[in-house]
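Input: a single structure, listed below in structure tokens.
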Amino acid sequence: MVNNNSGKIIKNASGFKKQRTHRSPASLFKASLISCAVLGVLSSNVYAETTDEEIEVIQVRGIYSSTAKNLLLKRTSNSVVDAITAEDVGKFPDKNIADSLQRVSGVMIDRSGGEGNRVSIRGTSSDWTLTQLNGNYIASSDSGVPSRSFNYALLPANMISSVEVYKSPEARIDEGGIGGTVILHTRKPLEMEANEGVVSAEFTYADVTEKTEPQLNLLYSWKNQESTFGILAGFTRQDRTVKTISNDALHWRLHSDTVEGAERPAIVDQATGEVYNNVWAPRAMVVNNSTQDRTRDGYQLAVQWTPSANLELNLNYFGAKVGYDEAGQGITFAEWNDNHNPYFGVQLDGDTVIGYGNADNGLLNDQNWGDADVNNGVAIRRGLLSPQLTGREKIGESNSDTFDFEGIYHGDTFTASFKVGRTQAEGGTSKETYANIDARQGSVNSWHWSTVGGKPSYDISTDLASDKKAYQYYDWFDSFSSENKDTEDYVQTDIKFDVDSSIFTTIFTGVKYRDHQIEGLRNDFRWDDGIADNGGYRGYLPGTEWFHNPDFHPDPESLVSDNVVDNSAGNTGAFDFLALDFAAMNAYLLNNFTQTVVPTLAGTYTLEEKIWSAYAQSNFEWQDFRGNIGVRYVKTDLSTLTYDDVIGQDDDNITPNNRSSNNSEFLPSFNLAWDASTDIVVRFAAARTMSRVSYADLSQAESYGPPVNINSPDSWTGRGTGTAANTGLEPMISDQFDLGFEWYYGEGSALGATLFTKDIANLPISSVEIVQREHACCNGPIEVEMNTKVGGGDASSDGVELFFQHSFESGFGVLGNYTYTETSSSKVSTDGQVTEAEIPGTAKHQYNLSVYFENDDFSVRASYNWKDDRANGIHQGYNLYTKAYGQLDVNAGYNINESLSITASIVNLTEELEEGYWKQSNRFTYNKYSGRRFYLGANYKF
């Protein structure tokens with residue numbers, strides 16, 4: 001309890017009990033800040049105000065304690081901040097940090113394999129969210145192109161003590177997050193008891209894999225009797241099989257005989273003769289099954305020493321290792337017979353094709369004849385060219401290591417700190433193998449797909465779960481490795497001055513230098529059979545021999561496994577089929593070819609950012625007002641090295657492209673909190689923020705491939721596709737404002753609303769131009785749809801956040817929030833035609849609702865998260881969307897005694913699917929299901 005101005009004793013949100021008399025609201029908040037520090041909620045580099053009075057702290061653990069701490073930090077902050085704190089040592093509210101963050105108002109997450117991995121805030125891209133560990137950048141890497149968006153799947157949740165989400169910036173916090181900044185805090189040994197620790201074991205079961213898999217967590221902290229030296233160590237290990245079942249509609253395009261520039265002619269039903277002109281249809285439908293064997297190890301070591309009352313030294317190490325060996329299997333129904341009059345069973349919804357089939361019933365035209373290279377030079381009737389069986393195999397691993405040393409000196413009127421550190425991550429695949437085999441010569445007579453009602457269905461003339469003879473044509477093979485590295489070295493010094501002023505209380509100033517480098521390397525695996533002039537065995541064979549010549553590849557039937565891919569879970573509409581046999585493929589390669597590893601220059605790139613920053617910030621208090629004002633200066637020197645890539649030929653340009661640019665920005669910020677009464681806080685914030693452009697837009701090579709349909713070097717249809725980077729893109733700048741109201745009406749209870757607006761400039765605009773390029777596949781220039789980004793776009797994100805939290809004396813509690821976001825569209829240029837597109841990651845409506853009950857022995861919480869349709873990319877100049885999605889998770893715990901507890905959880909209780917569409921809701925793009933997961937564990941604390 002604390003006392004307000006009138007001397008009346010009130011309870012605060014944290015549950016602290018200590019009587020104060022005749023204290024101002026400013027003093028009240030000083031005390032609250034100290035309370036937060038004692039609880040370990042605040043960052044190590046956020047200095048609380050000091051006082052001679054002691055504050056009694058009652059240690060309470062559990063759901064209520066965690067939510068009350070969250071409210072306390074929100075209430076006492078000078079900025080617009082939300083927080084999540086651990087319910088106990090090693091016990092975070094959710095299995096994944098991102099899953100917990102999605103319960104914060106205005107926060108959305110993306111998922112991979114059903115697990116949260118990317119975070120976006122207030123209708124902005126996940127690339128515009130800055131994530132830090134203890135106030136500094138943490139490197140991450142995986143099998144794709146490096147991203148400015150942190151991959152939360154790398155981070156063990158049990159090693160994190162608290163998370164702060166800064167929605168309004170402060171000058172002392174690193175720049176980079178237009179959406180917001182997420183700061184993750186780990187524990188320090190001197191904040192814990194001597195010989196305190198936790199051991200927990202947990203088992204996970206998923207319906208998609210029908211496997212039960214383990215997880216182990218260990219944490220131990222020691223300190224000496226004087227509490228001047230301590231060591232903390234932690235380890236976690238998780239084994240998990242991640243399986244995703246999906247259906248995908250690829251590349252929607254216009255079929256027309258009357259619209260100039262249409263990609264394909266009108267569709268003609270071969271059975272009825274009906275012509276479908278000016279309609280949109282996907283190029284292919286695909287059934288996919290991806291199974292990843294994911295292992296995750298986490299390591300933590302913290303050493304803390306206070307050799308004197310004035311000096312504190314901290315040494316920290318945080319490491320993560322993730323293995324992601326993956327096998328993907330897919331069946332593709334494609335339009336490769338498009339020129340042969342194959343269509344039947346066309347189903348139309350307005351101008352959108354929602355179902356069609358291909359049939360080989362004797363009506364296929366003369367263009368269907370070909371494949372002379374596989375029949376001694378004599379053309380044959382090919383029949384249907386799909387379905388196609390595709391197999392992908394990846395062997396991948398990522399490692400992240402972060403080291404930092406910090407020294408803090410407390411003087412009489414100032415506090416100075418110095419920190420130096422390095423964070424580095426290496427990831428990628430040591431091997432990726434990709435192979436296709438196709439239907440041919442009547443091996444499949446017909447197939448039909450439909451998305452009527454929004455759910456895919458398929459009708460195939462043969463059973464692909466048993467017929468090994470369905471694939472008579474070897475089509476494609478490729479094998480390579482892809483690696484990337486993310487490294488940042490940093491050094492910073494900060495000084496906080498205590499100011500004896502009627503308004504200003506503290507002044508912060510500091511400088512920081514960061515050297516950030518991104519590197520990529522790709523190696524092609526070449527396979528030589530010793531036969532001259534056939535090009536070896538690889539994705540494309542140069543010269544006169546095509547890659548599917550039977551003299552240079554195995555019998556397709558030998559590559560079909562006896563194993564059936566099980567797609568029964570999730571009710572996606574996907575069907576079972578025989579898998580491609582990777583073991584047979586690898587045996588054929590090793591028995592017939594010699595492998596050579598050849599670096600691919602097009603996959604080799606380096607991006608380096610040298611960043612200088614300096615800031616000044618002052619905290620102030622005057623009567624019932626408090627806050628901070630400051631400015632941050634940032635200078636960025638960018639350099640890139642790339643090589644161009646022409647997919648499908650060996651004569652890439654080996655001259656490096658060296659490009660550079662520089663940029664500097666002043667970023668002012670102002671945060672004001674008015675303690676209108678002992679229960680009400682009114683907030684206002686104004687700031688300029690920035691986010692740097694994605695690595696992919698800055699550093700990738702110009703890359704393009706051959707046209708879609710190649711009949712011969714002199715005959716082809718369709719266009720190639722390509723991408724080109726633009727190093728000259730300027731950082732995005734956002735001028736943003738917040739206005740909030742918060743009412744803390746009871747112990748552990750509050751409600752509030754915040755209005756926010758962001759005006760974003762320098763937004764990269766997607767631009768697609770039709771250009772001509774040379775390619776070895778064809779005798780003459782080909783047309784290429786070249787995708788690139790140009791600067792100068794403007795957009796805005798405006799909205800309102802509502803939250804409430806109420807705790808009942810009976811042990812029940814309820815928490816909820818709702819966010820409305822209205823974003824303007826940005827321009828997209830496609831071959832000179834300008835269209836409007838939404839900012840990726842934007843959902844107009846989203847809400848969270850959690851209900852819990854707990855007593856001394858038992859606790860249970862049900863949490864539901866829902867988000868509206870949201871943009872997730874651009875296709876043909878228009879947005880791709882993910883449909884509205886809601887997920888219910890349930891957590892329960894039982895305390896056997898003060899040390900031992902049992903936990904149980906269900907994630908995605910109602911087995912929800914994720915679904916998508918393009919431009920309008922009847923243009924299906926995908927659905928996918930990653931499973932419902934069950935957790936059962938035991939937690940022992942000592």
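The values are calculated or read from the model by the stated rules, or taken from the named source; none is laboratory data. Small disclaimer: the values here were computed from a predicted structure and weren't measured. No Cβ is skipped: glycine too gets one built from the backbone with ideal geometry, and neighbour counts run over all protein chains shown. All accessible areas refer to the heavy atoms of the entire protein, side chains included, with ligands and DNA or RNA removed. Shrake-Rupley method; radii C 1.70, N 1.55, O 1.52, S 1.80 Å.
Considering only residues of the stretch 155-173 that are among the charged types (D, E, K, R) and surrounded by 24 or more Cβ atoms within 10 Å (Cβ to Cβ), which is nearest to PHE620 (Cα to Cα)?
Pass one, the stretch 155-173, residues among the charged types (D, E, K, R): 164, 167, 170, 172.
Next, from what is left, pick out any that are surrounded by 24 or more Cβ atoms within 10 Å (Cβ to Cβ): 164, 167, 170.
Values: GLU164: 22, LYS167: 20, GLU170: 13 Å.
Per the criteria, the residue is GLU170.
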For this session: Quick one: count up the residues across the stretch 907-924 that are touching a residue at least 60 places away in the same chain (Cβ under 8 Å) and among the β-branched types (Val, Ile, Thr).
Result: 1
For this session: Quick one: which residue in VAL208, VAL163 is within 30 Å of TYR929 (Cβ to Cβ) and part of a loop (DSSP other than H, G, I, E, B)?
Result: VAL208
Exercise. What is the one condition in (1) part of a strand (DSSP E or B); (2) surrounded by 17 or more Cβ atoms within 10 Å (Cβ to Cβ) that THR727 does not satisfy?
Worked result: (1)
Seminar exercise, completed: Every listed condition ((1) out of contact with any Asp or Glu (no Cβ under 8 Å at 6 or more places or on another chain); (2) at pLDDT below 85; (3) crowded, with 20+ Cβ neighbours inside 10 Å) holds for MET732 save (2)
For this session: Report, by residue number, each residue of the stretch 893-907 that is under 30 Å from the mean Cα position of the chain (by Cα) and either more than 13 Å from VAL860 (Cα to Cα) or surrounded by 19 or more Cβ atoms within 10 Å (Cβ to Cβ) (or both).
Result: GLY893, SER905, VAL907
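Where in the stretch 638-712 are the strands (runs of 3 or more DSSP E), entirely inside, with at least 1 residues that are in contact with an Asp or Glu (Cβ under 6 Å, 6 or more places away or on another chain), in the same structural domain as TRP622 (by the TED database) and touching a residue at least 12 places away in the same chain (Cβ under 8 Å)?
On the way: elements: 657-675, 680-691, 709-712.
The strands (runs of 3 or more DSSP E) meeting that bar are 657-675, 680-691.
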Exercise. Which residue out of SER796, SER825 is buried (at least 16 other Cβ atoms within 10 Å of the Cβ), out of contact with any Pro (no Cβ under 9 Å at 6 or more places or on another chain) and at pLDDT below 80?
Worked result: SER825
For this session: Scan the stretch 306-329 residue by residue and report those that are farther than 22 Å from THR423 by Cβ, among the polar types (S, T, N, Q) and open to solvent by less than 30 Å² (accessible area, probe 1.4 Å).
Result: GLN329
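For the stretch 584-599, which residues satisfy the criterion of being touching a residue at least 12 places away in the same chain (Cβ under 8 Å), part of a helix (DSSP H, G or I) and open to solvent by 20 Å² or more (accessible area, probe 1.4 Å)? Steps first, please.
First, the residues of the stretch 584-599 that are touching a residue at least 12 places away in the same chain (Cβ under 8 Å): 584-586, 588-589, 592-599.
Now drop any that are not part of a helix (DSSP H, G or I), which leaves 584-586, 588-589, 592.
Result: ALA584, ASN586, TYR588, ASN592.
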Exercise. Can TRP222 be described as at pLDDT 95 or above and within 30 Å of THR402 (Cβ to Cβ)?
Worked result: yes
Seminar exercise, completed: With the first residue restricted to the stretch 453-478 and required to be without any contact (Cβ under 8 Å) to a residue 40 or more places away in the chain, and the second required to be open to solvent by 20 Å² or more (accessible area, probe 1.4 Å) and not small (Gly, Ala, Ser), Cβ contacts under 8 Å at 6 or more apart or on different chains are SER461/ASN445; THR462/ASN445
Exercise. Can you tell me which of ALA194, ALA233, ALA201 is among the aliphatic types (A, V, I, L, M), over 30 Å from SER290 (Cα atoms) and surrounded by fewer than 16 Cβ atoms within 10 Å (Cβ to Cβ)?
Worked result: ALA194
For this session: Filter the stretch 859-904 for residues that are more than 23 Å from SER105 (Cα to Cα) and touching a residue at least 60 places away in the same chain (Cβ under 8 Å) and give the result.
Result: SER859, ILE874, HIS875, GLN876, GLY877, THR903
Problem set entry | Looking only at the stretch 330-371, and only at residues there that are at pLDDT below 90 and in a strand (DSSP E or B), the one that is most open to solvent (accessible area, probe 1.4 Å) | TRP369
Problem set entry | Options GLU175, GLU191, GLU164, GLU170; residue that is over 29 Å from ALA795 (Cα atoms) and acidic (Asp, Glu) | GLU191
Problem set entry | Within the stretch 372-389, tally of residues that are part of a strand (DSSP E or B) and modelled with pLDDT of 95 or more | 2
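Pull up the stretch 908-937, narrow it to residues that are in a strand (DSSP E or B) and open to solvent by 40 Å² or more (accessible area, probe 1.4 Å), then point me to the one that is nearest to ASP869 (Cα to Cα). Spell out how you get there, then give the answer.
Within the stretch 908-937, the subset in a strand (DSSP E or B) is 914-918, 924-929, 933-937.
Imposing the further condition that a residue be open to solvent by 40 Å² or more (accessible area, probe 1.4 Å) reduces the set to 915, 928, 934, 936.
Details: GLU915: 10, LYS928: 16, PHE934: 28, LEU936: 33 Å.
So, considering only residues that are in a strand (DSSP E or B) and open to solvent by 40 Å² or more (accessible area, probe 1.4 Å), the one nearest to ASP869 (Cα to Cα) is GLU915.
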For this session: Go through the stretch 438-484 and give me each residue that's hydroxyl-bearing (Ser, Thr, Tyr) and assigned to a loop (DSSP other than H, G, I, E, B).
Result: SER443, THR451, SER461, THR462, SER466, TYR471
Exercise. Would a scan of the stretch 119-138 turn up a residue that is within 24 Å of GLN215 (Cα to Cα), at pLDDT below 85 and crowded, with 23+ Cβ neighbours inside 10 Å?
Worked result: no
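When you scan the stretch 163-180, do you find a residue that is charged (D, E, K, R), at pLDDT below 90 and not assigned by the TED database to the domain that holds ASP489, even just one? Write out each step before concluding.
Taking the stretch 163-180 first, the residues charged (D, E, K, R) are 164, 167, 170, 172, 174-175.
Now restrict to residues that are at pLDDT below 90: none.
No, there is no match, as no residue in the stretch 163-180 is charged (D, E, K, R), at pLDDT below 90 and not assigned by the TED database to the domain that holds ASP489.
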